[in-house]
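The values are calculated or read from the model by the stated rules, or taken from the named source; none is laboratory data. Treat the numbers as computed from the prediction; the structure is a model and nothing was measured. When we count neighbours, we look across all protein chains shown, and the Cβ atoms used for this are built from the backbone with ideal geometry, even at glycine. For the accessible areas, the whole protein counts, side chains as well, though only heavy atoms, and no ligand, DNA or RNA atoms are used. Shrake-Rupley method; radii C 1.70, N 1.55, O 1.52, S 1.80 Å.
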Amino acid sequence: MQSGTRKIFNVMYSNKVIDLKHSGSAEGTPVIGYASDTQGTNQAQRWFVQVLQSDAEGNNITVRLTNNGTGLYMRAKPETLNSGVVGSLIATKWTLVKQNHMGQYMIKGQEGDLVCVLNNVADATQITLAVPDNGDRRQLWYLTDN
């Protein structure tokens, strides 16, 4: 994977993407799941994925995720079970952990093994941290260029 601007879709709720609530630019703005903007005008649904490091197979990719609309970084602080993911001025590293050959990843924090999860299909549901579960498709994400 190369650095670039992407939409990040949830596998379980396939029309939901990672977004910033109300396109907010303040520290602590919730990072949410929201219906994908099919018109392509909502920059808060686009993230610059900066690849910092990758293993040879591309199974573990360390990235920084920066919101295109606001410049905020995706962050979870503290990285504890059920903590909400927010937009932040503080750059944070995440690891994209490849789960299969269909380009699906878990998004893992740097301070432990917790991963991002979208707990339900309702628009504006905040993304939180959960214990990895290979059978839970709410924890799986795929990245697109559009």
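Here segment 64-146 is treated with +1 on each Lys and Arg Cβ and -1 on each Asp and Glu Cβ, and its dipole about the Cα centre works out to around 180 debye. Between T80 and D123, the contour length at 0.36 nm per residue exceeds the alpha carbon distance by 13.1 nm. Put a dot 7 Å past the Cα of N100, heading toward its Cβ, do the same for N146, and the two dots end up 2.2 nm apart. Charge dipole of the chain (Cα centre as origin; +1 on each Lys and Arg Cβ, -1 on each Asp and Glu Cβ, all else neutral): 180 debye, rounded to the nearest 20. Evaluated at q = 0.09, 0.22 Å⁻¹, the base-10 log of the normalised Debye intensity for the chain, with identical point scatterers placed on the Cα atoms, takes the values -0.22, -1.63. Could you please state how large a percent of the accessible area of the chain is carbon and sulfur, counting protein chains only and using a 1.4 Å probe? Reported share for carbon and sulfur atoms: 47 percent.
Per residue, the chain exposes an accessible area of 47 Å² to a 1.4 Å probe, with every protein chain left in place. Taking amide hydrogens as placed 1.01 Å from N in the peptide plane, the amide H of S83 sits under 5 Å from those of L129, each at least 5 positions away in sequence or on another chain. Taking the Kirkwood radius as Rh and the Cα radius of gyration as Rg, segment 68-108 has a ratio of Rg/Rh equal to 1.04. Across segment 10-59, Cα pairs under 8 Å and at least six residues apart give a relative contact order of 32 percent. Just A35, A44, A76 to compare: in a GNM of the chain, with alpha carbon springs under 10 Å, which one fluctuates most? In this elastic network of the chain, the residue with the biggest mean-square fluctuation among A35, A44, A76 is A35. Each Cα pair under 8 Å and six or more residues apart adds its separation to the average, and for the chain the resulting relative contact order is 27 percent.
DSSP assigns beta bridges within the chain; of those with both partners inside it, close to 100 percent run antiparallel. Among I61, I107, I90, which residue has its Cα furthest toward the positive end of the charge dipole of the chain, with +1 on Lys/Arg Cβ and -1 on Asp/Glu Cβ? Checked the options; the winner is I90.
Relative contact order of segment 76-146, taken over Cα pairs closer than 8 Å and 6 or more residues apart, is 31 percent.
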